[in-house]
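Working notes for the structure below.
The values are calculated or read from the model by the stated rules, or taken from the named source; none is laboratory data. Just so we're clear, the structure is a prediction, and the values are computed from it rather than from any experiment. Cβ: placed from backbone, ideal geometry, glycine included. Neighbour counts: every protein chain shown.
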Amino acid sequence: MKLFKQLSEQKKQELIKFPAYISLLAASKGFKLNNAERTAVIKLSHTKFFICESILSELYREVDRNFENDLLQLEKNLPWEKENREVTIKKEIQNIEMIVLSLGEIYASAMHRSLDGFKDRVLSAHQVINQDLLIFIPTAN
């Protein structure tokens, strides 16, 4: 599907950052990643995006190209104070969720299934149960 191509360049760039925000929200130490966590998340991202649903393949090709850089830039540019960082990340995820929903039910469902699986793998990598994340990201029905 060409839904991803229909987005403005700004919305594409925001959507591409969705998995990076999920990774930071799942981070175990104040929404910041240590070197081992960062390496694990980057490795997971390549694996997860390689096996995504076909409707998401175009998006995840872009995510795969940009994930490491986006993750590093977000870590650098987000507020450092834990509460402000969490609020900012959740606000960005809500904004991106609006973009996802604008692409229709089929795309949104596929995206939610994909990110739910990615979130679970990131949480396993961090060995942390983060109740906010479990509630915040919708799961596929």
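Just a few scattered comments:
- Comparison of Lys76, Lys91 shows that the only residue that is farther than 28 Å from Gln6 by Cα, at pLDDT 70 or above and loosely packed, with under 13 Cβ neighbours inside 10 Å is Lys76.
- Scanning segment 78-97 for residues that are in a helix (DSSP H, G or I) and among the hydrophobic types (A, V, I, L, M, F, W, C) gives Val87, Ile89, Ile93, Ile96.
- Subset of segment 1-24 that is in a loop (DSSP other than H, G, I, E, B) and at pLDDT below 90 - its residue that is surrounded by the most Cβ atoms within 10 Å (Cβ to Cβ): Met1
- Extreme residue, nearest to Glu86 (Cα to Cα), among residues of segment 25-66 that are among the small types (Gly, Ala, Ser) and at pLDDT 85 or above: Ser57
- Those residues of segment 98-113 which are within 17 Å of Leu7 (Cβ to Cβ), part of a helix (DSSP H, G or I) and small (Gly, Ala, Ser), in sequence order: Ser102, Ala108, Ala110
- If you go through segment 87-96 and keep only what is free of Cβ contacts under 8 Å to residues at least 40 places away in the same chain and either within 17 Å of Val63 (Cβ to Cβ) or of a type outside the set (D, E, K, R) (or both), you end up with Val87, Thr88, Gln94.
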